[in-house]
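Below is one structure, written out as structure tokens; comments come after it.
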Amino acid sequence: MARWTWLILIAALALPCGAGSDPGWRRAAPGYRWEWPRDHYAHPEFKTEWWYFTGHLEPEDDAGIPGDTLGFQLTFFRLGMVPPGTGTPEAGLAARGGIMAHAAISDATAGDHLFSEVLWRATPLLGGFGAPGDTVIAWCRGPGGTADLWSLGFDGQTFALRASDERRGLAFDLRCRPVKPVVLHGDQGFSAKNAAGTAGSLYAALTRLEVSGSVMRNGAMIRVRGECWMDQEIFTSTLAPDQKGWDWVSLQLADGRELMVYRLFGPEGGEGFGSGTLVAPDGSTTPLADGDFRLEPRDRWRSPVTGAEYPVSWILEVPSAGLDLELRAVMPDQENVSRLSGVHYWEGAVTVRSRGPAGASVGRGYVEMAGYGEGNRPPV
Amino acid sequence: MNGPFPSLVLDRVGMVFPAASGSARTVLDGVDLSLHAGQCLALVGRSGSGKTTLLHLAAGIAVPTSGRVLIDGEDLGGMTENARTRLRRDRIGIVFQFFHLLPHLNVAENVALPGWIDGRPGGGLEKRVGELLDRVGLADRSRDPVGRLSGGEMQRVALCRALLNKPSLLLADEPTGSLDDRTGQVILDLLLEMAEAERCALLLVTHSLTVAARAERIFELHDGRLRQDPGVPS
Amino acid sequence: MIRVLGHGLLGLVREGRTLLLLTVVGVSLGVGSVVAIQTLNQGALQAFGGSVRAVSGQADLTVLGTVPTIDPALLPRVLADPAVRDAWPLCRLDAALADGSGDLIQIVGFDVFAPVRYPLTRQLDETGSAADPGDLVAAAMAVPGWCAVTPHLAASHGWAVGDTVPVSSGSRLARLVIGALVDFQRYEPLAPVNIAVMDVAQAQALLARPDAIHQIDIVLAGDEDPGTAAARLQRNLGPGVRVLTPEQRAEDAAGLLAAFRLNLTALSLISVFVGLFLVLASVQASLVRRRREFGVLRVLGMQPRQVLVLILAEAGVLGLLGVAIGIPTGFRIALWNVETVSATLTSIYVLEEISRLVLTPTVIIIGTAVGLGGALCGAVLPALDMSRRGVVELLSPLTMHEGARRTAVPLALLAVAAMTAGLLWFVAAGGGNRYAGFILGFVMLIGLPLLVPGVIRAAGAPLRPRGLGWVLSLRNLTIRLRTSSFAVAALAVTISMMVGITLLVGSFRQTLVTWLDVTIRADVYVSTESWIRAGNEAFLDAELLTALGGRPDVQAVETQRRLRVSTADGRHRVWLSGIAFSAVPGVTLASRLPLYAGDPEAVAGRLLASEAVVIGEPLARKAGLGPGDDLVLAGPDGPVSLPIAGVAFDYTSEAGTAFTTLETFGRHFRSDQPNNAALFLQPGADPDAVVAELQRTHRGRPLVFRSNATLRREVLAIFDQTFAVTRTLQTMALFIAACGLALAQLIQVRERAGELALFRALGATRAQISRMFLGEGLAMAGLGLALGLGGGAGLAALLILVINREWFGWTIRPDVPLGALALEVAVILGAALAAGIYPAWKSGLSSPAQLSRDDL
């Protein structure tokens, strides 16, 4: 029996790496004219788009447990299916595509990783995307059994993140205020996904946002405060057949810098393709080419649920920036197993220490590993 | 009926049955016999001597493998099965050792049976049945079920049935064989008397020489051949 | 013992091949009729269940509306329920293929994003590799008319992926594009083949209405009992919907078909009953023939119990043989009848058609139980009888039949007593029991054969035979009561059933014709190709109605909307019609109301003036409603209470019907878009010419125009189709009974060998003997016919006056279809004659030389 929804993701969520054409959709290309805050909103002329929030939160009334932080993730995906200007006449449940969202809380103190997801057709009854100027960028119904909506709100200054899943005991309501300007990855926001530069995505990020709000912990909402990272990526092209997955790393360093690197890899873990951006405390950026950094996995953890084996600590060197870092997952099990899409990936909070005898903490970050395990092509 | 021809003629009659081994068993071999109306002839012989076969040939039930059988001058050999059956119905009466009365019919109905088969209309038939039963002394029992009759009475009914169609030939197969001596004697008297009265030829098949002695002529069947007057003692 | 049994069976085969054959045929036909009917019954339910499982197989609960559509806003409310894990909307409707075939396909519009996993595959392309499956979802949403059909449907219409298929829903036409294949049968073997899956929004936009959703399927999180969750959802969602488990949906269908199924089952049981007599007769015959064998076995020391076991074992083997033949035969018969039964299901019960029949283990078990059980039941009486007899009795002839003669009168008295008691019980206590009619019928069917020996005796005893004519034949029957009784009894039961049903069908048909005269008054009827089943969702568009009304030859247009709703208490299904009555000169509304209760003028007045309904007789009977009561229906916004103005005769649905004005209907049930229209033509207009012209004018549109006469003919054709399967059962029963006659006579040929030889010795020709036997066969047929006609009349009375009223709720005016009955009598006599030919020929073969000392 076909895993129906899994196919959706293959079709829609594959990274923008393939060279195939998709008639009716605009393709991501260099020279895109960014305009803020307009470009925070959805781009229906492109096939696929996502808003990716990852961050670290500290309870405000912390009893003083050192390192008691909560990692969180909230991602909204727009899955375009019907190109603009085509399709059937309007109907009650008419939709141009789907909306998917993944939310997770990693509570290293308690050893809990909570994951929840939704997938709806983007129809006014179930979910959708705001137009520039609206108070919501994306919204949708919560998962079955949950009355509340999930949403990504925006008032021109601050992003409002809401997600809850009553059955899993997951909920958060966070306000995120950017403290640094928008970063455009790659070439003015066009991030190539192969060496030839024939495929790629429009890729912008807010690398540091101040977060405040509340998170559910042990069934009760607690006040939290912290920092997060927001990625926004827009594309049309699909994953190339020789690309199996990727590792993606975002670090917020204590010295005010931020670092993003990713590496795509093929089925045999061969050459692959990597890229990155180093953001200075003042917001100025330095693009990193494939050879400018080295990401080396160390310890590994095998998921008891999916059997996939993920690295849980890494060495990351960026010699040009003077960085020689050891990344370590705050807890091994930060795997997101998506029932609705049938795929699984690892998305987790990591600590960042400088290598060497002192090993001082120099920041924190989030790592995403997709395409691990047998027969698992990544969603993101 | 009693024309110029003998009632029954057997002319060099032979009967050969195929046997299981593939060979043949000769039951009758060149039997000659002639029987006229009013005559009584007794046929004796041991079991298996061919008496029943001879009777079946005389009744037109079977046809000989050689020779001719003639009833009232008519050769059965050229007849169809149906013609022989009709001939049997019209010219031949049969009295069996075991009476063979139909238990679900009463006395009169049993006697009337050949008439029914003949398809004769009711009035004359009833009269004839009544007449015959009167002559054998069963007139008052004509409505009785045959099951209530004694052996002797049953044979009287059977005798009436055999004579119903005024046959020219009466075949009696051990007519006293199932009866005690006294009753047998009475039945035999009645048989001879009635045959005489009806002017029919009587072929009496029996193994009892005492019975046979009542006939005008006696033949013995032995090894398929017929011998006259075997010279009976006592 | 085993060796004795084996020897006995071999003996049976050696001695009486025909006898054996007839017995096995009888058993197998009995088994066959049960298997056929059960297979069809199960097929009917499985078709519905298969469709439910194919579409909603992964759902724990289903939300359905009280009217066909439900408010889409309920979906978020369903999703918010704590027990719900997933929920998705479905838009379901029936579309007609616009290729002239008029075939219907079930459109399942589902949300392609829902976590429901349909076995959707794309056809392999020429290189043998599948196209990128990911495109399917996008295509389903983006390509207008994209749908996935079952491989079977595609193959039967010669469709390939990429083909365009025009379809219609109501008066709308749409073009579907075959985008993929969905092999429901692979995981749900009983899934209907005529399913087409498409995106819910496409189904809404192209075929249904933009806001139409018909169903919400729910998967529960698994930590709560479905019943509890269903109850809470029902409370929260309100009275406009019903929240059902799959079992409840299946029960709904089962309840809908209960009367239909029960009747077929009862009919098939009559075949078994008749077959039972056959076993009885043949076992009896073989025992009579072998009495001496048993006598010898007893002399040699066999116990009576061993004799019993021996006989039963033989019967068991015969029964198993019958089962082995009967089950495949029955299944084959079911296959032959599946189309008519399926048509009945769709046209009368508006259920799925049976796309596939499966011989289930349950049916095999039932068939085996019936065959084996029947054989053993049939054998047990003669076996007991034989095992109890003394050695002397066994070795002496003729006593066997005397027993039957002695018991004839007590049996008849017993039968009369039982039937009287049954009747008294029915009158006194039957009123409260739905099954009372069937019980009484069963008592009558048991009583009838018990009467037979007495009747045969009574018929034969007073007559004195005067020759080889029919009187002697009759006498012979009374003498051989045992064999003749069985055959006559089997025949009498069969004829009762045949005649009873013929009377019922004839009366029903006549009643229907009379009713159609009153109700079918318009000249031309307009509906759509997809209406037949879809009913409630196939609409006529407004422009068409305007165009029709504007024709100069049309005097008036009446429109009708039909909807299946249920009463507010959920206990009764009601076909509710809203009719926009027109004032047609000379055809007053009052004259068109076939009222059962109420004054036509007053009822018509109330109907037009106020919010009143007229309900059909079945509903009135089943729900105990009448004029003055309120009909309380489950409406989309809660209970709708309508005062009942009158009760009308109605034969369109046993489920219950009601009608009101279209205006009232629209007020309570949201939609007043009509499904069909009736045209009253100007005086002098020729309906056939108008129909022909309308067909010409609207060529290419999915519209169906029928003249009054055509509609009437089609209604009667559906009626006849509904009873077609009973014809099969009647034929099978007659066949069994004819086997019984032949069997009885063959037995007689054997038993009466001595008597026949005597007849031959006394000068009876073969032809005479054969004629006597034919005469006896006809005498048996005549007796069976006489008893059967009586029994049939009783059965018909029961069917018409009791069972139909109780189970279907119809008033049927008794009517004697003389022509049909005469034909039936001729067929029965013909069958009897045919059955007698072989035994008669066989009887003629007896030779006078066979006369032996034991016979007679």
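A Cα-only calculation for the range C:524-684 places Rg and Dmax at 15.5, 49 Å.
In whole percents, the pair-distance distribution calculated for chain A from its alpha-carbon pairs, binned every 10 Å from zero, is 5, 25, 37, 26, 7, 1, 0. Based on Cα contacts under 8 Å between residues 6+ apart, the range C:524-684 shows a relative contact order of 35 percent.
Our summary gives the range B:163-208 a relative contact order of 55 percent, counting only alpha carbon pairs under 8 angstrom and 6 or more residues apart.
Around the Cα centre of chain A, unit charges on the Cβ atoms of Lys, Arg, Asp and Glu (plus for the first two, minus for the last two) sum to a dipole of about 680 debye.
Using a Gaussian network model of chain A in which every pair of alpha carbons under 10 angstrom is joined by a spring, one finds that among A:Glu210, A:Glu35, A:Glu166 the greatest mean-square fluctuation is at A:Glu35.
C:Thr710 to C:Asp541: FRET efficiency via 1/(1 + (r/R0)^6), r the Cβ-Cβ distance, R0 30 Å, to the nearest 0.05? It comes out at approximately 0.85. Pairs from the list A:Lys47/A:Lys193; B:Lys166/C:Lys842; A:Lys47/A:Lys244 with a Cα-Cα gap above 28 Å: B:Lys166/C:Lys842.
Classify the range C:602-641: rounded, prolate or oblate, from the alpha-carbon gyration tensor (a ≥ b ≥ c, eigenvalue square roots; a/c under 1.5 rounded; otherwise prolate if a/b is larger than b/c)? Oblate. The residue list C:Ala634, C:Gln560, C:Leu679 was ranked by how far each Cα lies along the charge dipole of the range C:524-684 toward its positive end, using unit charges on Cβ atoms, and C:Ala634 comes out on top.
Amide H contacts for B:Leu226 (H built 1.01 Å from N in the peptide plane; partners 5 or more residues away or on another chain; cut-off under 5 Å): B:Asp32.
Counting neighbouring beta carbons within 10 Å and listing from fewest to most, the residues B:Glu109, B:Glu81 come out as B:Glu81, B:Glu109. Derived scalar couplings between HN and Hα for the range C:375-391 equal 4, 5, 4, x, 8, 5, 5, x, 5, 4, 4, 5, 5, 8, 5, x, 4 Hz in order, rounded to whole Hz, by the Karplus curve 6.51 cos²θ - 1.76 cosθ + 1.60 (θ = phi - 60°), x for Gly and Pro.
Note on the range B:37-93 and the range A:306-363: Cα centroid distance 123 Å, given to the nearest whole angstrom. Against the longest principal axis of chain C, how steep is helix C:2-15, in degrees 0 to 90 to the nearest 10, with axes from Cα atoms? Here the helix axis deviates by roughly 90 degrees.
Listed from fewest to most Cβ neighbours within 10 Å, the set A:Tyr52, C:Tyr838 follows the order C:Tyr838, A:Tyr52.
Taking only Cα atoms of chain B, what ratio of Rg to Rh do you get with Rh as the Kirkwood inverse-distance radius?
Working: Rg = 17.6 Å, Rh = 18.1 Å.
Over the Cα atoms of chain B, Rg/Rh equals 0.97.
Positive-end ranking of C:Leu79, C:Thr811, A:Phe273 along the dipole of the protein assembly as shown, with charges on Cβ about the Cα centre, is headed by C:Thr811. Note on B:Ser150/C:Leu413: beta-carbon distance plugged into 1/(1 + (r/R0)^6) with R0 of 45 Å gives a FRET efficiency of 0.80.
For the pair A:Thr109 and A:Arg168, the difference between a 0.36 nm per residue extended length and the Cα-Cα distance amounts to 19.5 nm. The range B:114-234 has equivalent-ellipsoid semi-axes of 29, 17, 12 Å, by the square roots of 5 times the alpha carbon gyration tensor eigenvalues, sorted largest first. Karplus-based coupling profile of the range C:737-750, in residue order and whole Hz: 5, 5, 4, x, 4, 4, 4, 4, 6, 4, 4, 5, 4, 6, with θ = phi - 60° in 6.51 cos²θ - 1.76 cosθ + 1.60 and x standing for Gly or Pro.
Let's see if you can work this out: charge +1 on each Lys and Arg Cβ, -1 on each Asp and Glu Cβ, no other charges. What is the dipole magnitude of the protein assembly as shown about its Cα centre, in debye to the nearest 20?
The dipole magnitude comes to about 6760 debye.
Placing +1 on the Cβ of every Lys and Arg and -1 on the Cβ of every Asp and Glu, with nothing else charged, gives the range C:61-244 a dipole about its Cα centre of roughly 500 debye. The mean sequence distance of close C-alpha pairs (under 8 Å, at least 6 residues apart), as a share of the length of the range C:61-244, puts its relative contact order at 38 percent. Adding -39500 (n - 2.57) for every DSSP H run of four residues or longer, then dividing by how many residues chain A holds, sets the calculated 222 nm ellipticity at -1000 deg cm²/dmol. Given the range C:61-244, report the % of alpha carbon pairs whose separation exceeds 20 Å. So the portion of pairs separated by more than 20 Å is 56 percent.
Extending 7 Å from Cα along the Cβ direction at C:Gln248 and again at B:Asp229 yields two label points whose distance is 11.4 nm.
Here the range C:661-726 and the range C:409-428 have alpha carbon centers that stand 51 Å from each other. The alpha carbon radius of gyration of the protein assembly as shown, expressed as a multiple of 2.2 N^0.38 Å, is 1.37. Model label points for A:Ala131 and C:Arg727, set 7 angstrom from Cα along the Cα-to-Cβ axis, are 6.6 nm apart. Rounded to the nearest 10 degrees, the inclination of helix C:818-844 to the longest alpha-carbon principal axis of chain C is 40 degrees. Springs join every pair of Cα atoms under 10 Å in this Gaussian network model of chain B, and among B:Gly48, B:Gly115, B:Gly123 the largest mean-square fluctuation is at B:Gly123. For chain C, report the % of Cα-Cα distances exceeding 50 Å. Looking at chain C, the distances longer than 50 Å represent 32 percent of pairs.
On the beta carbon distance between C:Ala689 and A:Val305, with R0 = 56 Å, the FRET formula returns roughly 0.15. Relative to one another, the C-alpha centroids of the range B:95-110 and the range C:552-574 are positioned 79 Å apart. Which residue, B:Phe99, B:Thr80, B:Leu57, has the largest displacement toward the positive end of the dipole of the range B:44-188 when charges sit on each Cβ (Lys, Arg +1; Asp, Glu -1)? So the residue we want is B:Thr80. Applying both filters, DSSP loop and at most 11 other Cβ atoms within 10 Å, to the trypsin sites (Lys or Arg not before Pro) of the range B:107-188 gives B:Arg143. Between B:Ala195, B:Ala212, B:Ala24, the residue with the greatest mean-square fluctuation in the GNM of chain B (Cα pairs under 10 Å linked by springs) is B:Ala24.
Given H placed on each backbone N at 1.01 Å, which residues far from C:Arg242 in sequence or on other chains put an amide H within less than 5 Å of it? Residues meeting the amide H criterion: C:Leu64, C:Gly65, C:Thr66.
Taken together, the values in this text are just the output of simple stated rules run on the coordinates, not laboratory data. Treat the numbers as computed from the prediction; the structure is a model and nothing was measured. Glycine also receives a Cβ, built like all others from the backbone with ideal geometry; neighbour counts cover every protein chain displayed.
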